[in-house]
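Remarks on the structure that follows.
The values are calculated or read from the model by the stated rules, or taken from the named source; none is laboratory data. Since the model is a prediction, treat every value here as computed from it, not as a measurement. Because the Cβ atoms are built from the backbone with ideal geometry, glycine has one as well, and the counts that use them run over all protein chains shown. Areas reflect the complete protein model, heavy atoms only, side chains present, ligands, DNA and RNA absent. Shrake-Rupley method; radii C 1.70, N 1.55, O 1.52, S 1.80 Å.
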Amino acid sequence: MIFGVDISLVAGLFAVAIAAGCVDAIAGGGGLITVPALLLSGLDPVSAIATNKLQGSAGAVSSTIAFARRGHIHWPAAWKIAVSAGLASIGGALCVSLLPRPVLDAAVPILLIGIALYFATARRMSSEDATARMRPGLFALTWAPAVGFYDGVFGPGAGAFYMIGFVTLLGLGVVRATAHTKLANAASNLGSLALFAASGHVVWTIGIAMAFGAFIGAQIGSILAIRLGAKLIRPLLVTIACAMAIRLLSNPENPLRLAVVGVFTGG
């Protein structure tokens, strides 16, 4: 036992975090692996989400470092986007109880499926940059805080939402878009983590062990993403977006699922 936590449990979650960190660095969605693992380990939902923010933040910071070392982040614009996303995520976390959760539960799966279809069918999915449709400064005032706020309120698919913004609005190639997505993810994760930590919901023994695992996994995933580019990122993005949509719809209380079932059953 370490501080009252089973060593074998910590070791298992460390391994889970390595796998999740690798996936997260490439296409996001690592929480699909870690949150269920934390719940199965016996944590209550709030502590699981809070502890997941710790390991997710470590993974995002790790992948950001890996991409930055190879020159894939344009810092003059990127830092403004990151700050905007981070501050908005804090605002989102503070407004959790004020926003209609059923609307998010119903809308997000549809948006994720739409993003999956976009990345699956888009003609321009390469490592080459294209003409931007929006200036970085405007992006930092609009798209980045919108996604950051959503990440603080709800979270699933935030990486995919950042990614589509960087590709379609700023015209970044897939690898550079992934790099900037990781930086924005790191900022919004750290913002909401600060609130979870202040409220005492983070299980630090497990969270720190998973943070080390996520850091290692993210380094591996970043290297794979840089080397393989769109050949790896594109199919994994489509898969992760679909998996997150299915995960949300698997909840028997999801309003979209209830509506669809009602149509077919006449209820």
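Odds and ends about this structure:
- Residue match in the stretch 180-202 (condition: among the charged types (D, E, K, R) and over 16 Å from the mean Cα position of the chain (by Cα)): no
- Candidates in the stretch 96-122 are the residues that are open to solvent by 80 Å² or more (accessible area, probe 1.4 Å) and under 16 Å from Val167 (Cβ atoms); of these, the one that is modelled with the lowest pLDDT is Thr121.
- All positions within the stretch 78-91 that are closer than 21 Å to Gly173 by Cα, open to solvent by 20 Å² or more (accessible area, probe 1.4 Å) and either touching a Pro at 6+ places or on another chain (Cβ under 8 Å) or not in a helix (DSSP H, G or I) (or both): Lys80
- Selected residue (criterion: least open to solvent (accessible area, probe 1.4 Å)) from residues of the stretch 208-264 that are among the polar types (S, T, N, Q) and assigned to a helix (DSSP H, G or I): Ser222
- With respect to (1) closer than 19 Å to Arg176 by Cα; (2) open to solvent by 30 Å² or more (accessible area, probe 1.4 Å), the lone exception for Phe149 is condition (1).
- Selected residue (criterion: modelled with the lowest pLDDT) from residues of the stretch 162-207 that are among the small types (Gly, Ala, Ser), open to solvent by 10 Å² or more (accessible area, probe 1.4 Å) and not in a helix (DSSP H, G or I): Ser199
- Within the stretch 101-153, the set of residues being more than 18 Å from the chain's Cα centre (by Cα) and among the charged types (D, E, K, R) comprises Arg101, Arg123, Arg124, Glu128, Asp129, Arg133, Arg135.
- Any hit, the stretch 24-32, residues being open to solvent by 50 Å² or more (accessible area, probe 1.4 Å) and modelled with pLDDT under 90: yes
- Being at pLDDT 95 or above, of a type in the set (Lys, Arg) and under 24 Å from Ala144 (Cβ atoms) is not true of Lys53.
- Residue match in the stretch 5-14 (condition: touching a residue at least 24 places away in the same chain (Cβ under 8 Å) and either open to solvent by 60 Å² or more (accessible area, probe 1.4 Å) or closer than 24 Å to Ile226 by Cα (or both)): yes
- Residues (under 22 Å from Val23 (Cα atoms) and at pLDDT below 90) located in the stretch 123-149: Met125, Ser126, Ser127
- Selection count, the stretch 15-64, where residues are closer than 21 Å to Ile226 by Cβ and without any contact (Cβ under 8 Å) to a residue 12 or more places away in the chain: 0
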